[in-house]
Structure formats: structure tokens, C-alpha cells
């Protein structure tokens, strides 16, 4: 049964930075080729971190300088706030990113999934695990904690599934119907596709409204030659 067409394909060369659109892609068990191929390690915390802890990263964008593959992670060019550019293969890249985020960080390409220490969680910012979790999700004291029971258990020990820089899952899609529904609910807000950082923006079949992609949960979806 046809459910829609792909309108945009996105990949994000550096975790938590703005990404780039592509015309085609390869999809494997780790998602799109080259997606989240790089990430920043907070040297004080001793772990890989994204925008929840380093929000300045959201003001940057990144693009690959060569085509990525499953075996290689090519260099990236990062556009900093204000328009300055820096490449991942420049000697001062980590120093300039540290200045941007206000903490000592280093820029790393994906490491082998056997390098568990690279992906292991460091010391939390707050000794109270509940407070630390609330801070990570931006929750107020009276807001309920999210249900994390459906997440991969390894992410409680590692910042991402080893061998990847995803928070939990390797593929994310959203529909134009969902964006339209959100706009109808909050017309004063702007629901730009870049806020949601999906890999696929899908336009559903005519007449589909609301959060239609929720109906696809637990089913098999074919996108081009890929089955997900």
C-alpha cells in the first residue's frame, strides 16, 4: 500500500549541527551513509555530547567535503555562527569549537564499535540522577519524566549505541501532514523542518492528516530499495 512520497532527504555530518540535503542515499543498519559521522567529546565530562549539553552546536552547520561510505568518514566543513568556516582536518578545529561552546572539546569521527570507552558515559553534571535527567530533557520540576522503557538498554551505559553517534535510533522520518497539524495547533509558532532533524520528509497520500506516521509504527516501510 502506497503511503506517500519522499520530498526531502537529510543527513547530519556532525552530531547536533545543522545538516545538508541530498538527492539520494544508501540506507543500512546504521541509517543513512555518513549520518552523524562526527561528534564532539566534552573532555571535562569525559563523554560524547550533543546540543542538550552544548546548545551552541545548533548554531553551526556542517557538510561533507567528499562522499561518505560505510567504511570511511570524510572530512567536514563546519560553518560557525557569524559565517566563519573551519574544516575538521585543520589543526585548530578543536580549539575553535572549544571557544564556541565554552568548554574544552575535541572533534571525533566515528570509532569502531569495539572501542567501548569512546562511547561510555562520563560523570553526570548533577549528582542527583533525576535532576540530571530533567536537565537533559529541559523539564520543569512539575513535569513528568518521559517513559524510557522502550529505549535500547545500552544507552544507559553509553552516550549512543557503540559504533554510532545517534541518541538511540539510526533513522528518523516525519511527514508534511504532521508539520501542518502542528502549525494548525500553534499558528503563532514556526515549525521549520530543521527543528526536527529528520532523515526523510514524507508527503503522505492525499487526504491523510494529523500525525499519520504514528500509524506506521510496528509495520514495514519501503523507501526506494530500502526496507525499514
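Data table
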item	result
For residue 82: the one exception among (1) modelled with pLDDT under 95; (2) under 21 Å from residue 25 (Cβ atoms)	(2)
Close pairs (8 angstrom Cβ cut-off, 6 or more residues apart or separate chains): at positive phi and modelled with pLDDT of 95 or more in segment 179-191, loosely packed, with under 15 Cβ neighbours inside 10 Å and in a loop (DSSP other than H, G, I, E, B) anywhere	none
Test: residue in segment 199-221 that is modelled with pLDDT of 95 or more, buried (at least 16 other Cβ atoms within 10 Å of the Cβ), under 20 Å from residue 3 (Cβ atoms) and out of contact with any helix residue (DSSP H, G or I) (no Cβ under 8 Å at 6 or more places or on another chain)	yes
Residue match in segment 121-133 (condition: surrounded by 12 or more Cβ atoms within 10 Å (Cβ to Cβ) and within 26 Å of residue 11 (Cβ to Cβ))	yes
Check on residue 67, surrounded by fewer than 18 Cβ atoms within 10 Å (Cβ to Cβ), free of Cβ contacts under 8 Å to residues at least 60 places away in the same chain, within 18 Å of the chain's Cα centre (by Cα) and part of a loop (DSSP other than H, G, I, E, B)	no
Tally of residues being part of a loop (DSSP other than H, G, I, E, B) and out of contact with any strand residue (DSSP E or B) (no Cβ under 6 Å at 6 or more places or on another chain) across segment 106-122	6
Selected residue [touching a strand residue (DSSP E or B) at 6+ places or on another chain (Cβ under 9 Å), assigned to a loop (DSSP other than H, G, I, E, B) and either closer than 23 Å to residue 125 by Cα or in contact (Cβ under 8 Å) with a residue 12 or more places away in the chain (or both)] from 41, 103	103
Positions within segment 34-48 being crowded, with 16+ Cβ neighbours inside 10 Å and out of contact with any helix residue (DSSP H, G or I) (no Cβ under 9 Å at 6 or more places or on another chain), in sequence order	34, 35, 36, 37, 38, 39, 45
Cross-chain or 6+ apart pairs with Cβ under 8 Å, segment 4-33 first and on the phi > 0 side of the Ramachandran plot and crowded, with 19+ Cβ neighbours inside 10 Å, then in a strand (DSSP E or B) and at pLDDT 95 or above	4/175; 4/202; 4/203; 16/39; 16/40
Hits in segment 89-120 (condition: exposed (fewer than 15 other Cβ atoms within 10 Å of the Cβ), in contact with a helix residue (DSSP H, G or I) (Cβ under 9 Å, 6 or more places away or on another chain) and more than 20 Å from residue 53 (Cα to Cα))	112, 113
Test: residue 180 is over 27 Å from residue 26 (Cβ atoms) and within 20 Å of the chain's Cα centre (by Cα)	no
So residue 125, is it in a loop (DSSP other than H, G, I, E, B), out of contact with any strand residue (DSSP E or B) (no Cβ under 8 Å at 6 or more places or on another chain) and closer than 23 Å to residue 34 by Cβ	no
Among residues of segment 9-30, those that are modelled with pLDDT of 95 or more and in a loop (DSSP other than H, G, I, E, B), counted	6
Unmet requirement for residue 86, which otherwise passes all of (1) surrounded by 13 or more Cβ atoms within 10 Å (Cβ to Cβ); (2) touching a helix residue (DSSP H, G or I) at 6+ places or on another chain (Cβ under 7 Å); (3) in a loop (DSSP other than H, G, I, E, B)	(3)
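The values are calculated or read from the model by the stated rules, or taken from the named source; none is laboratory data. Fair warning: this is a prediction, and the values are worked out from it, not measured in the lab. Quick reminder, even Gly has a Cβ in these numbers, built from the backbone with ideal geometry, and neighbours come from all protein chains shown.
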